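Below is one structure; the comments refer to it alone.
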Amino acid sequence: GVTRLLLTRIPFFKEIIVSSFSCDSCSWSNTEIQSAGRIQEQGVCYSLAVTSRQDMNREVVKTDCASARIPELDFEIPAFSQKGVLTTIEGIIDRAVAGLEQDQPARRVTDKEVARKIDEFIGKLRQLKEVNSPFTFILDDPSGNSFVENPHAPQRDEALVVTRYRRSPQQSALLGLEGEEVDAKPPDAPEDLRDEGGGAAELGGHSGQLPWAAWDVLAVLSLPQVLQFNTNCPECNAPASTNMKLVQIPHFKEVIIMATNCDSCGHRTNEVKSGGAIEPQGTRITLRITDPSDMTRDILKSETCSVEIPELEFELGMGALGGKFTTLEGLLKDIRDLVEKNPFTLGDSSTPSRTGKLQEFIGKLQDVKGKAQAHFIMDDPAGNSYLQNVYAPEEDPELSVQRYQRSFEQNEELGLNDMRTEGYEPEAASGR
């Protein structure tokens, strides 16, 4: 595609950079803005009393670190949830409506109650555009680079209140500013991942039990936030950050999703850990792939799970690819990448006979994703893997889940044969 950049100046504000991207192949387009200046000495908060349709046309510059609120609806778009944008107040509401509507058809099938509540909220947002009753629009930006138009400039606007404030240490840390210490958390303070943050949740994202989709609209529900801690990049050893989130998978259990991003070398990795104990029985999940829509099923593959596709004579052992929370298509893509990026299979160290066989296998794997029918089998002795039932809570005719007693060898691999969970307390006490 093509990205176009424009340096322009907004009257009574400052210079900004407007970027626009468009793709001729799929017709996708995107626009965003960045401030052409530095972070201001103080943060700014705009509070506008919207009383007429003319107020909906006011120009708004919203940076990525700004939050927008409408107190009358308890609606909030938190900071760093959207890219910077040059729009109007009506445009911000339209973007929120579009994000909320994105996965409504799927929600009406999987969770009618949540879909009904979101439809009601969308109706309230659309009523705001008619300005049948006045409401307040609040734009809060710790960087001081956001803006709400004053049509009466240079005269004072009675409906617009502009407040400048000193940033808190936490806001300075979020903006990447050095020299201000963030209040340290007491070392012994208990942490609860379920209550971390306690702010607005991402509708259309995978917070709580909502489908995984649009990540830029946050509103309405109060669900857990993401816990972030510092670490080193496994590739270049530069300082990086790891995000950790506890997620409840519908009709299954809680899992911990961890993602590490390195700004220095661009390395990205993600991992999934089970949030519960090892199950009393192992689980063998079999899916008969009959339709391309099966590729969109959610999959949780734990690190103890093996994968098998009998039609391709393919088996992925326990521990390969680690823990993954993705879709069936995403897991098949990871399997393909695992084969293609191994230098001993398709690289310089491979033999021609092996290369031909593996190229044929990759072709068959590609057919499974769109054409050929096959069986996809997940065998997890720990019972911590999951494959989405799209008919839940009803039975899925193409999906079977079999539970079985683990063998001695499987318990040995999981470390259960020598594990004592009962009757060790008296010995420990007497040993002291």
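The values are calculated or read from the model by the stated rules, or taken from the named source; none is laboratory data. Note that the coordinates shown come from a computational prediction; the quantities given were computed from them, not determined experimentally. Virtual Cβ from ideal backbone geometry, glycine too; neighbours counted across all protein chains shown. Just the protein is used for accessible areas: all its heavy atoms, side chains included, with ligands, DNA and RNA removed. Shrake-Rupley method; radii C 1.70, N 1.55, O 1.52, S 1.80 Å.
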Qualifying residues in the range 60-71 (those that are modelled with pLDDT of 90 or more and open to solvent by 30 Å² or more (accessible area, probe 1.4 Å)) - the one nearest to SER172 (Cα to Cα) = ARG69
request  = Out of the residues in the range 288-304 that are buried (at least 22 other Cβ atoms within 10 Å of the Cβ) and assigned to a strand (DSSP E or B), state the one that is farthest from the chain's Cα centre (by Cα).
outcome  = LYS301
request  = Examine the range 154-167 for a residue that is in contact (Cβ under 8 Å) with a residue 24 or more places away in the chain and within 23 Å of SER241 (Cβ to Cβ), and state whether such a residue exists.
outcome  = yes
query = Residues that are touching a Pro at 6+ places or on another chain (Cβ under 9 Å) and open to solvent by less than 60 Å² (accessible area, probe 1.4 Å): which strands (runs of 3 or more DSSP E) entirely in the range 233-274 hold 3 or more of them?
reply = 239-248
remark   = Subset of the range 395-425, residues within 34 Å of the chain's Cα centre (by Cα), open to solvent by 70 Å² or more (accessible area, probe 1.4 Å) and modelled with pLDDT of 85 or more, comes to GLU395, PRO397, VAL401, GLN402, ARG403
task = Check GLU313 against each of (1) among the charged types (D, E, K, R); (2) without any contact (Cβ under 8 Å) to a residue 24 or more places away in the chain; (3) on the phi < 0 side of the Ramachandran plot and name the one condition it does not meet.
result = (3)
remark   = Just one listed residue, out of GLN82, GLN54, is in a loop (DSSP other than H, G, I, E, B), of a type in the set (S, T, N, Q) and in the same structural domain as ASP140 (by the TED database), and it is GLN82
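Test GLY144 against the stated conditions and say whether it is out of contact with any strand residue (DSSP E or B) (no Cβ under 8 Å at 6 or more places or on another chain), among the small types (Gly, Ala, Ser) and open to solvent by less than 30 Å² (accessible area, probe 1.4 Å).
no
Could you go through the range 93-111 and let me know if any residue there is of a type outside the set (Phe, Trp, Tyr), in the same structural domain as LEU160 (by the TED database) and assigned to a strand (DSSP E or B). Talk me through it step by step, then tell me what you get.
Going residue by residue through the range 93-111, those that are of a type outside the set (Phe, Trp, Tyr) are 93-111.
After this cut, where a residue has to be in the same structural domain as LEU160 (by the TED database) as well, the list is 93-111.
Those left that are additionally assigned to a strand (DSSP E or B): none.
There is no residue in the range 93-111 that is of a type outside the set (Phe, Trp, Tyr), in the same structural domain as LEU160 (by the TED database) and assigned to a strand (DSSP E or B).
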